[in-house]
Every structure is written in structure tokens, then in C-alpha cells.
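Step one of this worksheet: look at the structure below.
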Amino acid sequence: MYGNYEHWRAKGAWQTEADFSDGTLRLMGLLWALLDGTGPLLLEEPELSLHPEIVRHIPQMMLRVQRGREGTIRQVLLSTHSSDLLRDEGIAADEVLLFIPSEEGSEVKVCADLADVCQLLEAGLSVAEAVIPRTQPKKRDPRGHRAPPGKRQPRGPWLRWSPDRVRADCGRPVVPQRCRPAFR
């Protein structure tokens with residue numbers, strides 16, 4: 001595989017896949033996976049190694065690929081903690097599952113069934129702004145405990161905690177403000 005990109009040079013150089021960036025290779029792999037096969041497709045964090053401006057277009061790319069397929073469309077489940085990906089206006093609350101750990105195992109909740117999420121969406125917030133804050137770990141107490149002993153805190157693999165949300169200088173979670181992109 002080889003390609004020539006349009007960019008600032010008058011004549012860009014041809015590159016092979018050995019020269020492609022990790023993000024370019026991941027994006028091609030994502031699109032290929034959407035086109036290939038007929039069964040359910042599970043994607044974990046498709047936004048990794050991609051520029052945030054590309055990430056915000058992933059839901060629409062997935063929709064276009066699905067519409068362009070001959071035959072049946074695939075069911076796609078993806079896990080993410082990317083506010084850029086979830087900021088797409090085409091994502092409805094009934095398409096987002098939140099996994100909440102409990103003593104008996106994880107409980108799955110459809111975000112459209114959560115009254116507080118629906119109120120935030122009706123107030124004009126995006127799915128990302130309404131859901132991502134629910135997945136953040138609780139603040140740690142001075143002894144380093146995240147939650148009181150015996151209590152598990154809500155989070156889920158479909159919208160999960162990420163190491164890049166921890167400030168490097170002190171190890172405390174970064175708390176985003178409600179009206180700005182959460183984790184940039």
C-alpha cells in the first residue's frame with residue numbers, strides 16, 4: 001500500500017505503509033473493519049492515535065460506510081472515553097450504554113433511561129457533556145481512597161476512565177468545566 005498526501009508541499013512524496021503514521025494506519029484499519037465482515041463489530045477506543053479533529057468525524061464516517069455497504073449493515077459496539085467522539089450531534093442518548101459496577105457485577109444502563117442525562121440533553125448539552133462526567137472517579141480522600149470502603153464507584157468500560165485524565169504532577173483527576181471540551 002502506498003499513498004501521496006495533499007499538503008503544503010507542491011509535490012508531496014509517495015509513502016508506503018511503513019511510512020504512515022500510527023493514526024493513519026488505525027484509521028485505515030477502522031474503515032476496513034467496517035467494510036469487511038457481516039457480524040457484530042466490537043471496537044475498543046477507536047480514537048487512539050488520531051487527531052481530535054479526525055475523532056469528531058468518526059461517527060459520521062461510520063454512518064457513511066454503513067450506508068454504502070451492500071446487504072445488511074453491521075451492528076457496531078465501541079468503547080470510548082473520548083468527549084470528541086461523543087460530541088457528535090447524531091449520537092442519541094438511546095445509543096449510549098453506561099456500565100456501572102456493583103457488588104453483584106456490572107449494571108448496564110441506557111443513557112436515555114437516566115432522567116438527569118435526559119434533562120442535560122434537553123438543556124442543549126451534548127451526549128459527551130452529559131455522560132462523561134458520570135464516568136469520572138470520585139475525588140480521593142487524603143489517605144488515597146477513591147470511595148468509602150465497601151462502595152464501588154460508577155464507571156464503565158464503554159465510557160471509561162483513562163490515565164490521560166490524571167495530572168502528572170500530583171496524580172489527581174483533572175475535573176473539566178461543564179461548558180468546554182473535557183479532556184484536551
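The values are calculated or read from the model by the stated rules, or taken from the named source; none is laboratory data. Predicted model, so just to flag it, every value in this text is computed and none were measured. Cβ atoms come from the backbone with ideal geometry, glycine included; neighbour counts cover every protein chain shown.
When you check Gly39 against the structure, is it loosely packed, with under 13 Cβ neighbours inside 10 Å and either out of contact with any Leu (no Cβ under 6 Å at 6 or more places or on another chain) or aromatic (Phe, Trp, Tyr) (or both), yes or no? Spelling it out, Gly39 is indeed loosely packed, with under 13 Cβ neighbours inside 10 Å and either out of contact with any Leu (no Cβ under 6 Å at 6 or more places or on another chain) or aromatic (Phe, Trp, Tyr) (or both). Among the residues of segment 77-125, those identified as touching a Leu at 6+ places or on another chain (Cβ under 7 Å) and of a type in the set (A, V, I, L, M) are Leu77, Leu78, Ala93, Leu98, Val108, Val110. Any residue at all in segment 78-90 that is surrounded by fewer than 18 Cβ atoms within 10 Å (Cβ to Cβ), at pLDDT below 90 and in contact with a helix residue (DSSP H, G or I) (Cβ under 7 Å, 6 or more places away or on another chain)? Yes: one or more hits. Listed here are the helices (runs of 4 or more DSSP H) enclosed by segment 43-132 that have at least 3 residues being assigned by TED's automatic domain parsing to the domain that holds Leu27: 52-55, 58-68. Residues in segment 91-137 that are more than 26 Å from Pro52 (Cα to Cα), among the acidic types (Asp, Glu) and loosely packed, with under 12 Cβ neighbours inside 10 Å: Glu103, Glu104, Asp113, Asp116.
With closer than 29 Å to Cys111 by Cα and of a type outside the set (Ser, Thr, Tyr) as the only criterion, which of Gly90, Gly3 stands out?
Values: Gly3 fails: closer than 29 Å to Cys111 by Cα.
Result of the check over Gly90, Gly3: Gly90.
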